[in-house]
Amino acid sequence: MRSVLIVSFSKISARRLHTFGIGSFVASSKILRTATSALLVGISYYVGTWIGFAWTPSGQPISTFWPPNAVLLAAFLLAPRQRWWTFLLAVFPAHIIAQLHVGVPLWTAVGWFITNTSEALIGAFCITRFHGPGKMLDSVRGLLVFVVFGVLLAPFATSFLDAFAVVITRWGRGYWPLSLERFWSNAFADLTIVPLIVLCVSNRMTWIRRVTVTSCSEVTLVAIATVLAAVCVFGFPPLSPAATPALLYVPLPFLLWAAARFGLLGLGFSILSVALISMWFTLHGHKPFPYASLPDNILSLQILFCVAVVPLMFLSAVMAESRRAQAELRKISTHLIGAQEQERRRIARELHDNLAQQLALVKANLDQAIDVSDEPLKSGLIDVADQVMGMSHATHEISHGLYPTQLEYLGLASAVKRLCQDMRSRQLVISFDTDNVPNQLQPSISLCLYRVAQESLHNVVRHSQANDVRVQLAGNDGRILLRITDNGLGFDLSYEKRGLGLLSMRQRVVSVGGRIEITSSPNAGTQIEVWVPLCKDDVPNAA
């Protein structure tokens, strides 16, 4: 008994030690992650401070572009509120060291720390309060909350305190001009930097996996065109002062291109590059507005970019919501098609395994009855047996049409070839050609192409009055091509929107990431081409 108690106590103690070890490891990992995040925020804040000093006019206390507040706001938006205080602790020494290094008085630096952190705290608290901790820049509502509270309210509420700290410590003069400069400087930084940081961190760079040669080339082209446009407009004096207003809008088409093709992330990089280039040249003597002073030029550029970028951001959000809605519709369509195929398979199995077997049993019983029946009954029983046999064949054909079993066992090429043979008649010649088609395909791709071929040939038989049809199935460049051509009457393509069969074909092809092209005109025949990617990874890009 004593030994049993000792063993039990040992097991309990070992279990507690194991649990304590796991708990301490989890706690240590959590502390390490928190410390690492705080350190990264402090380093980013320090780097952003030096960038802000680099874009500060000589002899002026307010920078034209101030990233540190935007970095802190983005960090608050990405982290739970319980960890905000760690960011403040990490930012304080980075702020004081950077400010004192360039000669800012201590009390001015302390006042700026209070206003900078207050701006980030107010913006983050209001944004998370009215939108929640989830993704906020992927929707119009979330973007509106960010612009109202993060870009407008928070910088506006703290700009007066910031200017007061500058004036009372005699680091600058002019309370109202300083407040206005500080508001536009911080608002523009929040508008450009916060979305970049939040999107890159929250998406964990998943967009890199979807990069293709085409998209990489387009990104490079947009980046080069945007930078060249900014350098040409702001780096060289205009030929005539009257041409200045028109030249300022030269980068706008490239910003629109970036917003439409690459979303808020692409727009953020583009507008940030244009803004930094334009303000850098303005600080070094180039005046986009020839008859204005340096502060007026900077203020005009800040207002211009803020007014231009907000509509583009909302345009990008609307397009992102539209793409998500289309993706959801494709997903629903795919699920409906899958459910339809499962129901067809179930009905086909019931017809084949149940009804067909019962008809075969009835046929066998009738054959036995015919053998032992008198002559007057034999003719009637033979007729009934023939009818039962016809019903059995019809059941088999219906079962085969609902779900082609040879598609599963013999492959796509053999199944389509069998389909062409079954649809051939005296009045209709169907030729079938196949080339380089893999034996093993994804079931969804095989079934999609088979259903398209089945629906197309049924339409030919019912409506086209054609006498020659050519079916081609080929593999090329990682895709499968299905082409069906007939010499029938053709049809008006406007009918496609009203035809359920053609609409079903399009939905099936889109659900597997392919594309379909239908070419037809009255009395000129019809051609249907379907391209479907072979690899599963290509499906989202193709869709």
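The values are calculated or read from the model by the stated rules, or taken from the named source; none is laboratory data. Just so you know, these numbers come straight off a predicted model, no measurement behind them. Here the Cβ positions follow ideal geometry from the backbone for every residue, glycine too, while neighbour counts run over all protein chains shown.
Return the only residue of Ala364, Ala348, Ala394, Ala360 being at pLDDT below 70 and either assigned to a helix (DSSP H, G or I) or among the aromatic types (Phe, Trp, Tyr) (or both).
None of the others qualify; the one that does is Ala348.
On the basis of being modelled with pLDDT of 85 or more, in contact with a helix residue (DSSP H, G or I) (Cβ under 9 Å, 6 or more places away or on another chain) and in a helix (DSSP H, G or I), does Val509 make the cut? Answer is yes for this residue.
With respect to Ala474, determine if the residue is surrounded by fewer than 20 Cβ atoms within 10 Å (Cβ to Cβ) and aliphatic (A, V, I, L, M). Yes, satisfied. So if I check each of Ser414, Ser322, which one is at pLDDT 75 or above, under 19 Å from Gln442 (Cα atoms) and either polar (S, T, N, Q) or in contact with a Cys (Cβ under 6 Å, 6 or more places away or on another chain) (or both)? On inspection, the qualifying residue turns out to be Ser414.
Sort through Val452, Val416, Val437, Val460 and tell me the only one that's in a loop (DSSP other than H, G, I, E, B) and crowded, with 16+ Cβ neighbours inside 10 Å. Residue meeting the stated conditions: Val437.
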